[in-house]
Amino acid sequence: MIVETQSARFESIALESGAALSPVEAAYETYGNLNAARSNAILVTHAFTGDAHAAGISAEGGKPGWWDNMIGPGKAFDTDKFFIVCSNVLGGCQGTTGPASTDPATGRPYGMSFPVITIRDMVKLQKMLIDRLGIERLLAVAGGSMGGMQALEWAVTYPNFVRACIPIATTARHSAQQIAFNEVGRQAIMADPDWCNGDYYDKKPPARGLGIARMVGHITYMSDESMREKFGRRLREKDKVGFDFSVDFEVESYLRYRGSQFVNRFDANAYLYITKAEDYFDLTNGSGSLTAAFADLSTRFLIISFSSDWLYPSYQSQEIVRVLRRRNHDVAYCDLPSNYGHDAFLVDVAEQTDLVRGFLASTARATHA
Amino acid sequence: MTLVSDINKPFVGELLGRSDFAIIGDIVAPNSKVLDLGCGEGELLQWLAENKGVDARGVEISPIKVRRAIGRGVSAYQGDIDEGLADYPNGAFDYVILSQTLQESRHPLTVLREMLRVGRRAIVAFPNFGHWRVRLSMLLSGRAPLTKLFPYEWYDSPNIHFLTVSDFELLAAREGMHIERRYFLAGSRRVSSLPNLMAETAVFLVG
């Protein structure tokens, strides 16, 4: 399945902060076909550094999508049955308007003059796109990590628009620990002299800072056990330690490699803006009560967490489950046993396929009934 | 759809290979809201959803079984029934089902009270520890009974609270729980007299 990223342009979007962006562009891909009743559309929302290319092989670059093992003919999100849409988030750097986009007022990249955006703003732009595609109701919204936050935001902000919601390995509000890790990443970028207050687009990008931010991120995506299995204390191309600060251990080499690769595909300012949006995410709107947020919903939920995920620990998913139960909403929940930490939502495909397939089938059945 | 058919017939049918399921399947009214505690892989709930249009929810402690239940399209969640009902509002369900699990529960009385708080009715099915085979096994061997119904050695039995038909009736009376219907089975045969001695399985509909 060869796919091409498309783009939709909108006149403007009013943001939660009170600022506005105009024009605004959304990069997106679609897979499968929208049926005549327009009742089989599923929006897939991506995680922090993901993009619109969720499935298939990209026309340029020939790369498989980030959730290609879950989306396609006969897969969990079966493109023989469903019409799948995925778009790059607002504030991103893979086609949708973000800090690297050109500010029409100056003719130069926005940089730090880009307004601070929120998860709700991202979802608002997705809603504009879904409206543009002529979809009146989504069968489901599904995503992991920050994608799960968007899925939850959809259910709360557009309750009658979403038949089913599948938040995976996520939370209803960012915790102190999650904010803390994001802040380390931001500080690494901002401490890099090449960052130049975000005005680096015609110069050298802050590659070291962004690379370090990514290294921290990768640690939080794995588990103690998966790191032990993958690297242990193995040395990198040497028999004994070097008594210097070159790479000794495999894990150092891996993190450095991941950091340096990331710089080629991600914009440092987008890193700042998107992590900020995550940190601001709080479905309770600061009230501390999730019960109010989930008051009037007809949405069903499939919530999935992973036992070894310490970045978005299972208790955060269970908190959502409990609140939904208190409201007597229809919720299925499974804490999947896994060693892969937060990465499990991209790795443990077989287990998630069972869950998602059954849940979507019964949702589709109930919708047609 | 009637599975137990004639109340006077000596045999009840089977649903998914089980007579107690056939009775439960018969009791549950169409288009009602049902919570199944210890729903296993969700076979009964799936049947109720597909054949009676029931809004089916389940609680199950084993993650593998929860996974299979959700795979069947049942809204199951992983949880412990001894703790899991507290979050539900009063009267959230038309029926709360507890099939072959009461004797495994740590706090059976709390579970029963909770079932009747969150459900308008409770359907409770359990193996009768008062059956003559159990009594005979214990009398003759002088050891923890081993029967077809209670096949476990005492040290690895999941059953931690043994109860008889009479025990349940007494508790229900003491708690002011109204027993609307009662079914007694030996295999798939209905037991019409001396249920505390003759029934292997009892199914109560409590309101």
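Of everything in the stretch B:133-158 that is open to solvent by less than 60 Å² (accessible area, probe 1.4 Å) and outside any loop (DSSP other than H, G, I, E, B), the residue that is farthest from B:GLN103 (Cα to Cα) is B:SER137. Cβ-Cβ below 7 Å, separation at least six or inter-chain, first residue in the stretch A:316-327 and at the interface with chain B (Cβ under 7 Å from one of its Cβ atoms), second open to solvent by 10 Å² or more (accessible area, probe 1.4 Å) and part of a helix (DSSP H, G or I): which pairs? Every condition considered, the pairs that remain are A:ARG326/A:THR291.
A single member of B:ILE70, B:ILE27, B:ILE61 is hydrophobic (A, V, I, L, M, F, W, C), within 13 Å of chain A (Cβ to nearest Cβ) and more than 19 Å from A:ASP330 (Cβ to Cβ), and it is B:ILE61.
Applying the criterion of being open to solvent by 60 Å² or more (accessible area, probe 1.4 Å) and touching a residue at least 24 places away in the same chain (Cβ under 8 Å) to the residues of the stretch A:1-11, the residue that is nearest to A:GLY74 (Cα to Cα) is A:MET1. Residue by residue through the stretch A:328-347, note down the ones that are within 11 Å of chain B (Cβ to nearest Cβ), in contact with a Ser or Thr (Cβ under 6 Å, 6 or more places away or on another chain) and open to solvent by 20 Å² or more (accessible area, probe 1.4 Å). Within the stretch A:328-347, A:ASP330, A:ASP335, A:PRO337 qualify. Taking the condition among the charged types (D, E, K, R) and modelled with pLDDT of 95 or more, does B:ARG68 pass? So B:ARG68 passes the test. Can you find even one residue in the stretch A:117-136 that is closer than 17 Å to A:SER39 by Cα, over 20 Å from the mean Cα position of the chain (by Cα) and among the hydrophobic types (A, V, I, L, M, F, W, C)? Yes. Taken as a whole, the structure places A:SER246 among residues that are more than 26 Å from the chain's Cα centre (by Cα) and of a type in the set (Ser, Thr, Tyr). Hey, any hits in the stretch A:315-323 for a residue that's of a type in the set (Phe, Trp, Tyr), at pLDDT 95 or above and surrounded by fewer than 18 Cβ atoms within 10 Å (Cβ to Cβ)? Looking for residues that are of a type in the set (Phe, Trp, Tyr), at pLDDT 95 or above and surrounded by fewer than 18 Cβ atoms within 10 Å (Cβ to Cβ), one finds at least one in the stretch A:315-323, hence yes. Looking at the stretch A:356-369, which of its residues are surrounded by 24 or more Cβ atoms within 10 Å (Cβ to Cβ) and away from chain B (no Cβ under 11 Å)? Result: no residue meets the conditions. Here the condition is being under 30 Å from A:ASN285 (Cβ atoms) and of a type in the set (A, V, I, L, M, F, W, C); of A:ALA37, A:ALA59, A:ALA54, it holds for A:ALA54 alone. Based on this model, can you work out whether B:ILE81 counts as more than 9 Å from chain A (Cβ to nearest Cβ), in contact with an Asp or Glu (Cβ under 8 Å, 6 or more places away or on another chain), touching a residue at least 40 places away in the same chain (Cβ under 8 Å) and surrounded by 16 or more Cβ atoms within 10 Å (Cβ to Cβ)? Against the criterion (more than 9 Å from chain A (Cβ to nearest Cβ), in contact with an Asp or Glu (Cβ under 8 Å, 6 or more places away or on another chain), touching a residue at least 40 places away in the same chain (Cβ under 8 Å) and surrounded by 16 or more Cβ atoms within 10 Å (Cβ to Cβ)), B:ILE81 does not qualify.
Here A:THR353 fulfils each of the conditions (1) within 21 Å of B:GLU50 (Cβ to Cβ); (2) in a helix (DSSP H, G or I); (3) within 11 Å of chain B (Cβ to nearest Cβ) apart from (1). So which residues in the stretch A:211-246 are more than 28 Å from A:SER314 (Cβ to Cβ), buried (at least 16 other Cβ atoms within 10 Å of the Cβ) and out of contact with any strand residue (DSSP E or B) (no Cβ under 9 Å at 6 or more places or on another chain)? Selection gives A:GLY211, A:ILE212. Can you work out which of the residues in the stretch A:137-175 that are over 16 Å from the mean Cα position of the chain (by Cα) and polar (S, T, N, Q) is farthest from A:ALA47 (Cα to Cα)? For the stretch A:137-175, the residue satisfying everything is A:ASN160.
Going through the stretch B:39-55 one residue at a time, which ones are at the interface with chain A (Cβ under 9 Å from one of its Cβ atoms) and among the aliphatic types (A, V, I, L, M)? Matches in the stretch B:39-55: B:ALA49 only. Please find, within the stretch A:184-202, the residue that is farthest from A:LEU272 (Cα to Cα) out of those that are open to solvent by 70 Å² or more (accessible area, probe 1.4 Å) and in a helix (DSSP H, G or I). If we take residues in the stretch A:184-202 being open to solvent by 70 Å² or more (accessible area, probe 1.4 Å) and in a helix (DSSP H, G or I), then A:PRO193 is farthest from A:LEU272 (Cα to Cα).
The values are calculated or read from the model by the stated rules, or taken from the named source; none is laboratory data. Values in this document were obtained by computation on a predicted structure and should not be read as measured data. So basically every Cβ, Gly included, is an ideal-geometry build from the backbone, and we count neighbours across all protein chains shown. For accessibility, only protein heavy atoms count, side chains too; no ligands or nucleic acids. Shrake-Rupley method; radii C 1.70, N 1.55, O 1.52, S 1.80 Å.
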